[in-house]
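Shown next, in structure tokens, is the structure this report addresses.
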Amino acid sequence: MPLARSKDVTTLLLEWRNGNRKALDELTPLVYGELRQLAARYLRRERPGHTLQSTALVHEVYLKLIDQRRADLQDRNQFFAAAAHTVRRILVSHARKRQSLKRGGGATLLAFEESITPIGRKDWDIIAIDTALQSLAQLDPQQARVVELRFFAGLSIKGTAEALGISTATVSREWDLARAWLHRELSRSAL
Amino acid sequence: MNPERWLQIKQVANACLDVEPNQREARLGELCGSDVSLLDEVKSLLASHADLGDFLETAAADPEPDELLTGQQIGSYQIREAVAEGGMGTVYRAVRASDFQKQVAIKVIKRGMDTNFMLRRFRQERQILAGLDHPHVARLLDGGATADGRPYLVMEYIEGRAITDYCEEEGLTIPERLRLFRIVCAAVQSAHQNLVVHRDLKPSNILVTADGLPKLLDFGIAKMLDPDSGPTVTSLGLMTPECASPEQLRGEPINTGTDIYALGVLLYYLLAGEPPYRFTTRSVEEIRRLVCEIEPRKPSEVRALPEDLDKIVLKAMHKDASHRYASAEQLSEDIGRYLAGQPVTARIDTFQYRALKFLARHKTASAASAMAVCALLAGMGATLAEVRVARMERARAERRSNDVRRLAESLMSELHDGVQKLPGSTGMRKLIVDRAVTSLDALTQDAGSDDGLRRELGKAYLRLGEVQGEPGKANLGSAQAAGVSFRKAVKLYEEIVNAASGTVQDRRELANAYGKLSTALWDTGGETEARSLDVKALRIRQALASRLAPVELGKELGSSYFIIGVHHLRSDLPAAVENYRKSVEAYERVLRAEPNSPVNMRNLSMAQKYLGGSLITQHHYAEALRSYEAAQAIDEMRIAADPQDTEARMDITLAYSDIGYILREQGDVRGALGYYEKVERLRSAIVAADPKDERAQSGLASAYFNIGRTLRLLHQTQEATAAFEKARQIRESLLALDSASSRAKVFLASTCAYLAAAYAELARGTKQPEARLALWRQALPHYRRAAEMIAALKGNGPLTGEAAETGAQVDRELPQCLAAIAELSPSAAQ
């Protein structure tokens, strides 16, 4: 029953907000599954020339999974934060798949993942950013989260601040320095 | 590198970034001292920083930016400029292409947001807005889709100032501000009655136009264009922390109380000239703490104001929603009392609070000390009557209960009962119903073991079910949906009755709920369960006999006997007659006690008709005719009292129709036809006035059917086929509306079979072979359609009654029809 499930997701989200970290582990597969399913469904009916945007998708999944009466602005940011992680995983796994295809694979791509590949962005970018971000997370988890929310979920500075419960000034600093660090790492690995 | 080292690097790097670029090197030297590796590390980071450009600034999967539509034409409007941009849409100022003077605001959904789901939401919200017609709410004018398929809404363009700016700039006096505010309350009240909660009432959403009248913007739009207020949003529907209620910040359900709070904040702002809270932080945690825990300064501490106004503002802004005003109307009324120099309820509330405190301190309080409290209150200026008002208000203060009551009473009663009698009202009710289902289900989830709330919910579900399609009233033909609502009501009342706190009234309501559920089940084929529910209801009522007033008891027993009579119709006719007689007696007693009551009249008239019907089946025609004539007389009185009363006009056709039947059975076929034609005329008029009234449609089909049958008795077979054909068309369309209804199938089957048989008779009476074949061929599809319906009905179990008769008829006549066609077909001749 979709209704029962949507309640579960809301409950998980609220639990997560109240400090139950395990709730995120349960939440993510639901969000991931829903994102992929929805994307696949939309793609079958996609009109030509219409690119499905992942932010719109996440938005829709949010509306679908979350009981609006119980969730609020903060939950929305939390949800986007969870979805950020999911979008990151989908993008990275797709980039990997595409790379392996170029090296001789032959299977058809998953339609959804095709659709959310950013236009003009090279696959290696995504993979390299992801790898560098993993290293950054070892050093500074908060900075890595900021990048995930800003870059993968497309949240604004303000939205990121609200999702993480820190000030916008802090987000700006973290964001700048994280970009500097990542930029340096990527330049080094590109050499 | 380890996290500790990184933290050090980070601190140094940030410190360097805080100073001007040309001073960074020097600052870096100072901070690093002799730590060369630290210096190198930060230096390379700073170099990278200088080189960043827009690295990573475009999100991995960002939607393409929306191009502005400025200068373009949308529908019949010319876009002038973008006024605001939100997370999901852009608002433009536009003019009508045919009339540049006419300004409108157009909200266009963003590209990438136009997924099917969003589009559906957009449409839903558009419907809600369309129903929200209030002079002080910005009106929805039009809507459509752009060339690339994105939906848009055209709204009234409001040129004005935010209400707070207007009041300050114009230097309005306090009474002037209060009067302006009361207009806002009226607009919010009207929206609440339409089940729309604004959720984002704030000064910038309430504009005052040049003529000094307020207009509310973004009603429902907040929720639609910008579900949950994206963080990147600028002006559209962002939940403004200054106006957000404690429950919003806590993530609790949002309802009308949320808007009451926001009205309180607005009133505070208008009176004090500044908002109750000013936040220096953006931390949600901090804002939540402030709003949920800290009392704002009283408005009178900001500006000189009478204490009564403090009380009103703080009551509206109460942190506990159940202590706020129950509606915008009540808030407005209290301000009205202030303006008229009367005591305000916000203050009475405090008296009562003090009285309760007093009693709590003196646990041994006797009657004497209670009287002392009263005397004290009287001395403080509150009369006993006011205390009672306050107490009643407190008893009703559980706000969720109040929401349900609003729904059950305001919406259902006023709108439903009000519009029920008006022809053409069916479409309008559908909107209300859909909205109500969602709200009630949500409230039920939150009800827990709160009996008061569950009672209200039970009542609300009963009313809802009635609107959804209690058979026997103008309805939306959805007995199944009604059954679902009635079952929810039954469940709630059973729980209450089984709990220790169940009262006589609860048991009455349970019996009532059983009755309604039974009626809905009856219509969807659940007759066995319906019967057991009705027996349960009768038992409850008989057990309560000694505890109810005779009139009340009469009504309820009358309906129980009536329905038990219905159940006996098939199995035990004498028992059916017996029960109907008891029902008629009970209703006659009630009508004698309360003459001229339309409900009592209708009940008695129905019981008389059913008594007549059961007498007909026992072939007691003379006695049956007396019952119907009694019923007809009552219905004529009802129509005389209210010629608009569609129900009474429909009811009298039932009497006419059965009198027609009796006349036909007694051999007066012409007389019968006269009555049936009367029925047809009345029902046609009812259908013409409200084509969606399915009950009248069904009745009209029956009228044509009866006319067809009577015409056949008169050997006017040609005319009979025309009548049957009209009946058939209506039956088909009714089945399409409710394809699960077995009754609709039975009716369609028998109508088709009769129509086919009439063609068959015409064929038999025709000599010329081609014409004869053509008539048989006209009969065939109708036999087949009847056979199809019968086959579908067999899937539900063995056929009974009319279905069985039709089944036998089709089994007999369809092969004859096929044989005749085979014999006459040219191919067979070859």
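What follows is calculated from the coordinates using simple rules that are stated; it is not laboratory data. Note that the coordinates shown come from a computational prediction; the quantities given were computed from them, not determined experimentally. Every residue, glycine as well, gets a Cβ built from its backbone with ideal geometry; the counts of neighbours run over all protein chains shown.
Observations on the structure shown:
- Here's how it looks for B:Lys102: its modeled amide H is under 5 Å from those of B:Arg96, which are all 5 or more places away or on a different chain.
- Where only C-alpha atoms are counted, convex hull volume of the stretch B:699-829 per residue in Å³: 102
- Cut-off under 5 Å, modelled amide H: who pairs with B:Tyr77 long-range: B:Ala97
- Subset of B:Lys298/B:Lys319; B:Lys107/B:Lys692; B:Lys107/B:Lys215; B:Lys107/B:Lys202 violating a 22 Å alpha-carbon distance limit: B:Lys107/B:Lys692
- The slack in the chain from B:Ser684 to B:Glu585, taken as 0.36 nm per residue of separation less the alpha-carbon distance, amounts to 32.3 nm.
- Ranked B:Ser76, B:Ser190, criterion: other C-beta atoms within 10 Å, fewest first: B:Ser76, B:Ser190
- Per-residue HN-Hα couplings for the stretch B:659-670 [Karplus 6.51, -1.76, 1.60; θ = phi - 60°; Hz; x = Gly/Pro]: 4, x, 4, 4, 4, 5, 4, 7, x, 8, 5, 4
- Under 5 Å, built H, 5+ apart or other chain: amide partners of B:Arg150: none
- Nearest-0.05 FRET efficiency for A:Thr11 and A:Asp176, computed from C-beta distance (R0 45 Å): 0.75
- Protection proxy ranking of B:615-627, B:814-826 - average other beta-carbon atoms within 10 Å, highest first: B:615-627, B:814-826
- Computed from the C-beta positions of B:Asn2 and B:Ala147, the FRET efficiency with R₀ = 60 Å rounds to 0.55.
- Charge sum, other residues only, whose C-beta stays under 15 Å from B:Gln729's C-beta, Lys/Arg counted +1 and Asp/Glu -1: +1
- Span from the the stretch B:142-164 Cα centroid across to the the stretch B:643-686 one, whole angstrom: 52
- Using the Cβ-Cβ distance between B:Ser825 and B:Gln480 with R0 set to 56 Å, the FRET efficiency from 1/(1 + (r/R0)^6) comes to roughly 0.80.
- The stretch B:705-737 and the stretch B:485-562 have their alpha-carbon centroids 39 Å apart.
- Separation in nanometres of the label points that stand 7 Å from Cα toward Cβ, at B:Ala97 and B:Thr503: 6.4
- Inter-probe distance in nm under a simple model that places probes 7 Å from Cα toward Cβ, at B:Ser44 and B:Tyr621: 11.1
- Average other protein chain Cβ within 10 Å of Cβ, residues B:42-55: 4
- Extreme residue, positive dipole direction of the stretch B:712-811, given options B:Leu735, B:Gly797, B:Gln778 (C-beta unit charges): B:Gln778
- Residue-count net charge about B:Ala774 - beta-carbon cut-off 15 Å; Lys, Arg +1, Asp, Glu -1: +1
- Between B:Ser204 and B:Arg27, the modelled labels are 3.3 nm apart [label points 7 Å from Cα along Cα→Cβ].
- Within-12-Å neighbourhood charge of B:Ser825 [Cβ basis; K, R +1; D, E -1]: 0
- Ordering of B:26-39, B:754-767, B:196-209 by packing is B:196-209, B:754-767, B:26-39, highest average first (other Cβ atoms within 10 Å, averaged per residue).
- Segment B:Lys491-B:Gln644, length gained on full extension (0.36 nm per residue, minus Cα span): 51.4 nm
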